[in-house]
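Input: a single structure, listed below in structure tokens.
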Amino acid sequence: MFLDYAEINVKAGDGGPGASSMRRESMTPRGGPDGGDGGRGADVILRADAQLTTLMDYRYRQQYKAPNGAKGFGSNSTGRSGDDLVLRLPPGTLVRDVETQEVLGELLRDGDEFVVAKGGRGGWGNARFATATNQAPRRADPGEPGEERRIALELKLIADVGLVGEPNAGKSTLLSAVSAATPRVADYPFTTLTPNLGVVQLSGSRTFVMADIPGIIEGAHEGKGLGHQFLRHIERTRTLALMIPADALEPQAEYDKLRDELRHYSAELATKPHAVVFTKADLLPPDWPAPKVEAPDAWGQFVISSVAQRGLDPLLEALWTHAAQAVAEENAVDGEEEEPWRP
């Protein structure tokens, strides 16, 4: 099962209480206060781990509490701080506060991390409160409580190319034909219930990641069908392939419908680079003209047959080129020197 959303409760550790202690040693009259501070409560840290691909672990357990700090001791000994609790998440996870809907952070690359709940400070021991007029204080403070919150984990697949189309548009068939992925393929709608990822290998050790998204139907942005809940995944893709069956009665209407759904869901998706891919060309009569649509914003139109392995090489080369160009632009924005793309 693919899980792309989970809600969990996280609680950072409480600070340990300070100690109230008076120094008592032979040959040391009126030793004075020597109570140490309590230890710091542990933080809850979220860290991206490239070995993980789903949020499955967080379906079965929803409560996570970091260790508390230990209490202080005499002889001005500070209590032990709690060991931070590290929760590992797949790269591409967006974290929100459920109550406020504030975005707390985003884990994009392997090793990215941030503190989602901060541990409480340890309480002061009575040695901290000694003054010239109060040389034997008995006061010691309790530790501060650690932060507690309910957070939403939202996983967005990170892929170079996203396949978008209505149910039975041939997305899964294409993915299985050009990669080692084995998505379920059948002749009825909504065969794909969860996103599938596949690595496409080209000559020269070139590769890119392709994502097959469940079918998009009219009204998907309003919650109809299955595709709406996975549209978030293609927000991070570098280019899109809008797929339309070559034997569609009204290909222009299907293209316009897909563009409208993307536009209504996200303004960013509406401006994302895309190509138009006509699938199932093997179903057309031999003398039938190649289908076309009015798509001034598309960077290309292709006619393919995944079953007959027709037209795949030009499509894959073009997808790789546009994905590589997007990576170069991203590196330039980040101030990195441009270098050959090595996904």
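The values are calculated or read from the model by the stated rules, or taken from the named source; none is laboratory data. Everything numeric in this text was worked out from a predicted model, so none of it was measured. For neighbour counting, all protein chains shown are included, and Cβ atoms are generated from backbone atoms with ideal geometry for every residue, glycine included. We work out accessible area using only protein heavy atoms, side chains counted, and drop any ligands, DNA or RNA first. Shrake-Rupley method; radii C 1.70, N 1.55, O 1.52, S 1.80 Å.
Scan region 91-111 and give yes if some residue there is charged (D, E, K, R), within 27 Å of Leu46 (Cβ to Cβ), open to solvent by less than 60 Å² (accessible area, probe 1.4 Å) and in contact (Cβ under 8 Å) with a residue 12 or more places away in the chain, otherwise no.
For region 91-111, residues charged (D, E, K, R), within 27 Å of Leu46 (Cβ to Cβ), open to solvent by less than 60 Å² (accessible area, probe 1.4 Å) and in contact (Cβ under 8 Å) with a residue 12 or more places away in the chain: present.
State all residues of region 246-271 that are open to solvent by 30 Å² or more (accessible area, probe 1.4 Å) and either over 24 Å from Gly311 (Cα atoms) or in a loop (DSSP other than H, G, I, E, B) (or both); if no residue qualifies, say none.
Asp247, Leu249, Glu250, Lys257, Asp260, Arg263, His264, Tyr265, Ala267, Glu268, Thr271
Would you confirm whether or not region 230-251 contains a residue that is at pLDDT below 70, in contact with a Gly (Cβ under 9 Å, 6 or more places away or on another chain) and farther than 16 Å from Leu315 by Cβ? Can you show your working first?
Residues of region 230-251 that are at pLDDT below 70, as a first pass: 230-233.
With in contact with a Gly (Cβ under 9 Å, 6 or more places away or on another chain) added as a condition, the list becomes 233.
So of that shortlist, the ones also farther than 16 Å from Leu315 by Cβ come out as 233.
So far as region 230-251 goes, yes, one or more of its residues are at pLDDT below 70, in contact with a Gly (Cβ under 9 Å, 6 or more places away or on another chain) and farther than 16 Å from Leu315 by Cβ.
So how many residues does region 63-87 have that are at pLDDT 95 or above and in contact with a strand residue (DSSP E or B) (Cβ under 8 Å, 6 or more places away or on another chain)?
Counting residues in region 63-87 that are at pLDDT 95 or above and in contact with a strand residue (DSSP E or B) (Cβ under 8 Å, 6 or more places away or on another chain) gives 9.
Of the residues Gly162, Gly146, only one is open to solvent by less than 40 Å² (accessible area, probe 1.4 Å) and either in a helix (DSSP H, G or I) or at pLDDT 90 or above (or both); which?
So the residue among Gly162, Gly146 that is open to solvent by less than 40 Å² (accessible area, probe 1.4 Å) and either in a helix (DSSP H, G or I) or at pLDDT 90 or above (or both) is Gly146.
Out of Phe73, Phe129, Phe114, which single residue is within 30 Å of Asp160 (Cα to Cα) and either without any contact (Cβ under 8 Å) to a residue 12 or more places away in the chain or among the hydrophobic types (A, V, I, L, M, F, W, C) (or both)?
None of the others qualify; the one that does is Phe114.
Kindly indicate whether any position in region 272-284 is among the charged types (D, E, K, R), exposed (fewer than 15 other Cβ atoms within 10 Å of the Cβ) and free of Cβ contacts under 8 Å to residues at least 24 places away in the same chain.
The answer is no; no qualifying residue exists.
Considering each of Arg47, Arg59 in turn, give the residue that is surrounded by fewer than 20 Cβ atoms within 10 Å (Cβ to Cβ), at pLDDT 95 or above and within 30 Å of Gly198 (Cβ to Cβ).
Working: Arg59 fails: at pLDDT 95 or above.
Exactly one residue qualifies, and that residue is Arg47.
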